[in-house]
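Report on the following structure.
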Amino acid sequence: MGHDLHLTVPDGVPYIDFERDFDFSVADVFRAHADPELFRQWIGPRGLRTRIDGFEFRAGGAYRFVQSGEDSTEEHAFHGVFHTVRENELVVQTFEYEGRPDAVDLEYLHFEDLGVGRSRLRGHTVHASQEARDGMAASGMENGMAEGYERLEELLAGLLGGQGG
């Protein structure tokens, strides 16, 4: 375990790309994205609690989740729509932070089988504008994503009895 998140924030375009390997199968990593109870346990940085208000993981289905600090009443809500869901292969969804309405992102998540029980998650996010992308990149998002994917790997290790790397 202990794979790094590789984030790319190219100059002059409103995109962010990322890649992260896991010592777990595509099916396991996909399930951690598809199952709201599992998703709730790993999404975002450490120290946040996540409440799922809706999660219809299917093409055309909507989702909403709310995060708060363990000692805080301040909440941050996110919502979107799943446009494409192909099991163990692809998810295309919108993503909107309710604290910045109208800045809707389009996210592509590609799940790749690397063989031998390993997988890679590649993401491509298109932001509403260069300004929105730059704001997201400056928000501490990279650390939050990195911790979230560490939590995902820890969750899978616990569920699968330590299988994986």
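Just so you know, all these numbers are worked out from the coordinates, no wet-lab data involved. Model, not experiment: these values are computed from the prediction. Ideal geometry is used to build each Cβ from the backbone, glycine not excepted, and the neighbour counts take in all protein chains shown.
What Rg and what Dmax come out for segment 60-165 when only alpha-carbon atoms are used, in angstroms?
In order Rg, Dmax, the Cα atoms of segment 60-165 give 15.7, 44 Å.
First measure r as the distance between the Cβ atoms of Val9 and Arg49, then evaluate 1/(1 + (r/R0)^6) with R0 = 45 Å and state the FRET efficiency to the nearest 0.05. Can you show the working numbers first?
Values: r = 28 Å, r/R0 = 0.63.
Rounded to the nearest 0.05, the efficiency is 0.95.
Enumerate the residues in segment 95-112 having an amide nitrogen under 20 Å from the point lying 7 Å beyond the Cα of Ser129 toward its Cβ.
Zone members listed by number: 95-107.
Any chance you could check the Cα centroid distance between segment 89-165 and segment 1-69 for me, in angstrom?
4
Given a Förster radius of 22 Å and the C-beta distance between Val116 and Asp35 as r, what FRET efficiency does 1/(1 + (r/R0)^6) yield to the nearest 0.05? Walk me through the numbers before you get to the answer.
Numbers: r = 24 Å, r/R0 = 1.08.
It comes to 0.40.
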